[in-house]
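This report concerns only the one structure given below.
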Amino acid sequence: MREWIPISTSPKGRLVLEAARAFGTRPYDEVTVTDLSRAAEVTTGALYHHFEGKQGLYGFVRADIERRLLDRIEGAAAAMADDDPSARLSAAMTVGFEYAVRGGFLRLLADPPRTGDTDELAEALGGLCVPASAQLGVILAAAWRAAVGAVAGGTDADAVREALERLHVTCASADDGHPIGADEESPRPTARGFQDVGEPTWWI
C-alpha cells in the first residue's frame with residue numbers, strides 16, 4: 001500500500017511539508033539539505049534517516065503531490081462523463097492547473113518525470129482522449145507542464161489559464177462514421193491541424 005504524507009508535527013512530516021514548499025517554488029538544484037533541515041527544525045541526519053538524502057525526499061513529495069493532482073484530474077473528468085470529450089479533457093486540465101497554482105507546487109509539477117519513471121500525467125491525459133492516444137497524452141502533458149512552468153516563471157496565471165482552456169482535442173472521423181479504407185484519402189492537413197481518421201486532432 002502506498003505511503004501518504006505523515007503527521008505534520010513529526011520530524012518526518014515537517015520535512016515533507018517544508019520540502020513541498022521548497023521544491024514547489026524553487027528549482028531542485030537550488031534547494032539544499034541544509035535549507036530543508038533548517039526549515040523543518042531537524043538535523044540533516046534526520047533527513048538522511050527518513051529519506052536517504054535530498055533526492056529521496058524529493059521523490060516522496062513529488063509522488064504524493066502528483067497522486068493528488070491525478071485524483072483531481074480524474075475527478076473532474078468523471079464529473080463530466082456525459083459531456084463532449086474535448087470539454088471533459090479541457091476541464092480536467094484546468095482543474096489540475098488550479099491545483100498546481102493554488103497549492104504552490106508550480107516548480108515541482110512543471111518538471112517532467114525523472115528518466116525511467118512512468119509519466120502518469122501523460123497516461124491519464126492520453127486516456128481521456130477519444131480514442132485514447134498515448135502519443136497525444138505525451139503532447140498534452142508537455143503543454144500542461146509548460147503552462148505551469150510559465151506561471152512559475154512569472155507569467156500571469158489568468159492569461160495562462162485562458163490559453164490552456166483554448167486547447168481542444170477531438171476525434172476526426174469519416175463522413176459515414178466508419179474508418180476509411182486503404183484506397184481512400186490519406187491524412188491531410190486542415191485549418192485545425194493534421195487530420196486522420198480515428199486519430200485525435202489537436203489544436204489551439
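The values are calculated or read from the model by the stated rules, or taken from the named source; none is laboratory data. Treat the numbers as computed from the prediction; the structure is a model and nothing was measured. As a convention, Cβ positions derive from the backbone with ideal geometry for all residues, glycine included, and neighbour counts pool all protein chains shown.
Can you find a residue in the stretch 67-88 that is under 24 Å from Thr9 (Cβ atoms) and either under 17 Å from the mean Cα position of the chain (by Cα) or modelled with pLDDT of 90 or more (or both)? Checked the stretch 67-88: at least one residue is under 24 Å from Thr9 (Cβ atoms) and either under 17 Å from the mean Cα position of the chain (by Cα) or modelled with pLDDT of 90 or more (or both).
Of all the criteria given as (1) assigned to a helix (DSSP H, G or I); (2) in contact with a helix residue (DSSP H, G or I) (Cβ under 8 Å, 6 or more places away or on another chain), the one not satisfied by Ser86 is (2). Inspect all residues belonging to the stretch 3-17 and state whether any of them is of a type outside the set (Phe, Trp, Tyr), touching a Leu at 6+ places or on another chain (Cβ under 7 Å), modelled with pLDDT under 95 and surrounded by fewer than 17 Cβ atoms within 10 Å (Cβ to Cβ). Scanning the stretch 3-17, I find at least one residue that is of a type outside the set (Phe, Trp, Tyr), touching a Leu at 6+ places or on another chain (Cβ under 7 Å), modelled with pLDDT under 95 and surrounded by fewer than 17 Cβ atoms within 10 Å (Cβ to Cβ), so the answer is yes.
Of the candidates Gly96, Gly149, Gly126, the single residue that is surrounded by 15 or more Cβ atoms within 10 Å (Cβ to Cβ), without any contact (Cβ under 8 Å) to a residue 24 or more places away in the chain and not hydrophobic (A, V, I, L, M, F, W, C) is Gly126. When His49 is tested against (1) in contact with a Leu (Cβ under 8 Å, 6 or more places away or on another chain); (2) over 27 Å from Leu140 (Cβ atoms); (3) in a helix (DSSP H, G or I), just one condition goes unmet, and that condition is (1). All conditions in (1) small (Gly, Ala, Ser); (2) in a helix (DSSP H, G or I); (3) touching a helix residue (DSSP H, G or I) at 6+ places or on another chain (Cβ under 9 Å); (4) surrounded by fewer than 16 Cβ atoms within 10 Å (Cβ to Cβ) hold for Ala63, with the sole exception of (3). Residues in the stretch 109-119 that are under 10 Å from the mean Cα position of the chain (by Cα) and either hydroxyl-bearing (Ser, Thr, Tyr) or part of a helix (DSSP H, G or I) (or both) were compared, and the one that is surrounded by the fewest Cβ atoms within 10 Å (Cβ to Cβ) is Ala110.
Yes/no per residue for (1) under 30 Å from Val16 (Cβ atoms); (2) out of contact with any strand residue (DSSP E or B) (no Cβ under 6 Å at 6 or more places or on another chain); (3) assigned to a helix (DSSP H, G or I); (4) modelled with pLDDT of 95 or more:
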residue: Leu121; (1), (2), (3), (4): yes, yes, yes, yes
residue: Val130; (1), (2), (3), (4): no, no, no, no
residue: Asp158; (1), (2), (3), (4): no, yes, yes, yes
residue: Ser173; (1), (2), (3), (4): no, yes, no, no
residue: His178; (1), (2), (3), (4): no, yes, no, no
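Annotation note: of Ala39, Ala77, the sole residue that is closer than 29 Å to Val130 by Cα, part of a helix (DSSP H, G or I) and in contact (Cβ under 8 Å) with a residue 12 or more places away in the chain is Ala77. Taking the stretch 40-57 as the range and being closer than 23 Å to Asp111 by Cα and either among the basic types (Lys, Arg) or surrounded by fewer than 21 Cβ atoms within 10 Å (Cβ to Cβ) (or both) as the test, the residues that pass are Glu52, Gly53, Lys54, Gln55, Gly56.
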